[in-house]
Structures are given as C-alpha cells and as structure tokens.
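Trainee: Input: one structure, supplied below.
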Amino acid sequence: MAEIIPQRMCAEVEGDFVVFLIGMRVNKPWKVWAWWPVAQAMPKMLIELAKQPDLGLLHARSHFGFPGIMVVQYWRSFEHLEAYARNRGAAHLPAWQAFNKAVGSNGDVGIWHETYVIKAGQYENVYNNMPPFGLGAAGTLKDAVGARQDARRRLAASVST
C-alpha cells in the first residue's frame, strides 16, 4: 500500500495532457463468454503500457463496480493515445477487432470511452491525507500552500508554472 502523505498537496503536469476514461458494462451477466474476454483485455494493455513508458501513458487506475469497470488514464498527449490505439503491434488493436467480431453491437457487453484534452493551466486538484492518487500519481506533487492554497489560486499558479 502506498504511503499516506499527511499534508495538503496538489499535482502539476508540465504542458498539456489527456485524461482518458474507458470502460465496459456487463449487460448480460450470464453470458460470461461474451464479457470475460473484454474484461481480460484491459489488464494486458495496461501491463504493456507500464513496461513501455515512451508510449505516453502517465498513470492509470481501475475502478470496479458491477455491472461496470472503468479505467481512468492520464496520457502525455492525444497523439500518444491515438498512436497506441492504432498500433498493429500493440495489444489494443487485436482486442478491439476481437470485440467487434465476437460482440459488435449485439447488446451483451457495452464499451465506452471519453477523451479530454487538458490545456496547461486549465485544471486544479488537491489531496489531503492521501497517497499519490489520480493526477497526483501522474504528475508532480507539490505542497498546497501559498499560491497553491485554494482552488482559484491553484488554477492561477498552474497557468504561470
């Protein structure tokens, strides 16, 4: 378990970055053969990405809650994310093709994603009594004091950093 940081912290990332939310929803739980391969595909991709930081993934965290699974991912850029998604030699494209062939739009399993391009200085955050989490695990943690003491000042500080 990660060590708790007892003071207020905030995270900063140099330049623009991408927040990518991706998930699946089990619509027909009894059809294990339909959703199990989809559920197994993401951990393989995350392991691949962790072993190759140059692909651009900064951090990922999975959240489980039946009937859905969601992974919050932080990427260096949209170009990195898109290059990985289209890379024929990476785990994603074959998994995507297998999903379309086995499930497609039959309603057994839902999949989704949302992509947010975050411009430098257009975000703020705070963590207190937390281990590195979310953007705090993807970026650099700094004490939330002075110019980083409240949300408005953190936004202003991130613009000037």
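Trainee: State whether one or more residues within the stretch 51-59 are surrounded by fewer than 17 Cβ atoms within 10 Å (Cβ to Cβ) and among the small types (Gly, Ala, Ser).
Mentor: No: zero hits.
Trainee: Taking the stretch 20-45, which residues are among the β-branched types (Val, Ile, Thr) and either within 14 Å of Phe66 (Cβ to Cβ) or outside the structural domain of Ser105 (by TED's automatic domain parsing) (or both)?
Mentor: Val26, Val32
Trainee: Next question. Being outside the structural domain of Ile69 (by TED's automatic domain parsing), under 19 Å from the mean Cα position of the chain (by Cα), assigned to a helix (DSSP H, G or I) and of a type outside the set (Ser, Thr, Tyr): is that true of Ala95 here?
Mentor: No: the conditions fail for Ala95.
Trainee: Do we find that Val117 is surrounded by fewer than 17 Cβ atoms within 10 Å (Cβ to Cβ), within 19 Å of the chain's Cα centre (by Cα) and on the phi < 0 side of the Ramachandran plot in this structure?
Mentor: yes
Trainee: Can I ask one more? Could you look through the stretch 142-161, keep only residues that are among the basic types (Lys, Arg) and over 11 Å from Ala11 (Cα atoms), and pick out the one that is modelled with the highest pLDDT?
Mentor: For the stretch 142-161, the residue satisfying everything is Arg152.
Trainee: While we're on this one: Would you say Arg61 is farther than 30 Å from Arg152 by Cα, assigned to a strand (DSSP E or B) and of a type in the set (Lys, Arg)?
Mentor: no
Trainee: Based on this model, can you work out whether Tyr123 counts as at pLDDT 95 or above and among the hydroxyl-bearing types (Ser, Thr, Tyr)?
Mentor: no
Trainee: Continuing with the same structure: Kindly indicate whether Ile69 is surrounded by 14 or more Cβ atoms within 10 Å (Cβ to Cβ) and assigned by TED's automatic domain parsing to the domain that holds Trp96.
Mentor: Yes; evaluated as a whole, the condition is true for this residue.
Trainee: Let me ask something else. Can you list residue pairs whose Cβ atoms sit under 6 Å apart, with the first residue in the stretch 93-119 being aliphatic (A, V, I, L, M) and the second being modelled with pLDDT under 95 and part of a loop (DSSP other than H, G, I, E, B)? Count only pairs 6 or more apart in sequence or on different chains.
Mentor: Val109/Val103
Trainee: Failed condition for Phe78, given (1) at pLDDT 95 or above; (2) closer than 16 Å to Gly134 by Cβ; (3) touching a Ser or Thr at 6+ places or on another chain (Cβ under 9 Å); (4) crowded, with 16+ Cβ neighbours inside 10 Å, with all others met?
Mentor: All conditions pass for Phe78, except number (2).
The values are calculated or read from the model by the stated rules, or taken from the named source; none is laboratory data. This one's a predicted model, so the numbers in the text were calculated from it and none came from an experiment. For neighbour counting, all protein chains shown are included, and Cβ atoms are generated from backbone atoms with ideal geometry for every residue, glycine included.
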